[in-house]
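Before any comments, here is the structure.
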Amino acid sequence: MMKRLFLFFLILIGCKTVEPLDDATANLNLWNEKKVVNYSFSFKRVCFCPLEYVGPHQVVVQNGKVVSVNGAPYNAAERYGTIPTIPELLQIIKTNVDKNPYQKTLNFNSTYGYPTNVFFDFSQQMADDEIGYEVTNFKVN
């Protein structure tokens, strides 16, 4: 009995309390570990929005900043709205997770941590409040 109690005590002392990470935070950490600053991807919003805003948009990022969208120099005032970098998109996803949506789907690339397909429905009773993001054709440049 004393041996079991001692073993239990050792296990208890050796345990650390670790705060669980939401998927967006864990994947942002993975992304940051990779130190990718030059990349391209196709970005699509899933929402009840104008088609120009939805996409898909071909995005090129250099030195951590969006430099071109759909082959033209990037301008956030364009009709397709602000296009996020991968870290910015992961922050947007984290913010949406923190809002405790009614329904969510979170899928991330296991190598780099970028979101491949995420979707949020914030209220069961409200129409057109849903938002989703899809990242495809990711390539490190």
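With over 27 Å from ASN29 (Cβ atoms) and among the polar types (S, T, N, Q) as the only criterion, which of ASN96, ASN100, ASN109, ASN70 stands out?
Matching residue, one of ASN96, ASN100, ASN109, ASN70: ASN70.
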| message | Being in contact with a strand residue (DSSP E or B) (Cβ under 8 Å, 6 or more places away or on another chain) and more than 14 Å from TYR114 (Cβ to Cβ) is the requirement here; does PRO50 meet it? | response | no
Considering the range 55-95, residues that are open to solvent by 20 Å² or more (accessible area, probe 1.4 Å) and hydrophobic (A, V, I, L, M, F, W, C), and then whichever is modelled with the lowest pLDDT, we arrive at ALA77
Heads up, the helices (runs of 4 or more DSSP H) in the range 14-113 (entirely inside) with at least 1 residues that are within 18 Å of LYS139 (Cβ to Cβ) are 23-34, 86-98
Note: among LEU30, LEU51, just one is surrounded by 15 or more Cβ atoms within 10 Å (Cβ to Cβ) and either among the aromatic types (Phe, Trp, Tyr) or out of contact with any Lys or Arg (no Cβ under 6 Å at 6 or more places or on another chain) (or both), namely LEU30
Residue pairs within 6 Å by beta carbon, gap of at least six or interchain, first lying in the range 64-82 and on the phi > 0 side of the Ramachandran plot, second open to solvent by less than 90 Å² (accessible area, probe 1.4 Å) and of a type in the set (Ser, Thr, Tyr), listed first then second, are GLY81/TYR53
Condition set in contact with a Pro (Cβ under 6 Å, 6 or more places away or on another chain) and at pLDDT 90 or above, scope the range 96-132, selection nearest to VAL66 (Cα to Cα): answer is PHE108
Output for Cβ contacts, cut-off 6 Å, separation at least six or different chains, first residue open to solvent by less than 40 Å² (accessible area, probe 1.4 Å) in the range 96-110, second assigned to a loop (DSSP other than H, G, I, E, B) and aromatic (Phe, Trp, Tyr), reads PRO101/PHE122
Given (1) out of contact with any helix residue (DSSP H, G or I) (no Cβ under 8 Å at 6 or more places or on another chain); (2) closer than 22 Å to VAL140 by Cα, SER123 misses just (2)
Please indicate, with yes or no, whether at least one residue in the range 38-46 is at pLDDT below 95 and open to solvent by 20 Å² or more (accessible area, probe 1.4 Å).
yes
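The values are calculated or read from the model by the stated rules, or taken from the named source; none is laboratory data. Because the structure is a prediction, the values reported are computed rather than measured. Methodologically, a virtual Cβ is constructed for each residue, glycine included, from the backbone with ideal geometry; neighbour enumeration extends over all protein chains shown. Quick note on the areas: whole protein, heavy atoms, side chains included, nothing else; ligands and nucleic acids left out. Shrake-Rupley method; radii C 1.70, N 1.55, O 1.52, S 1.80 Å.
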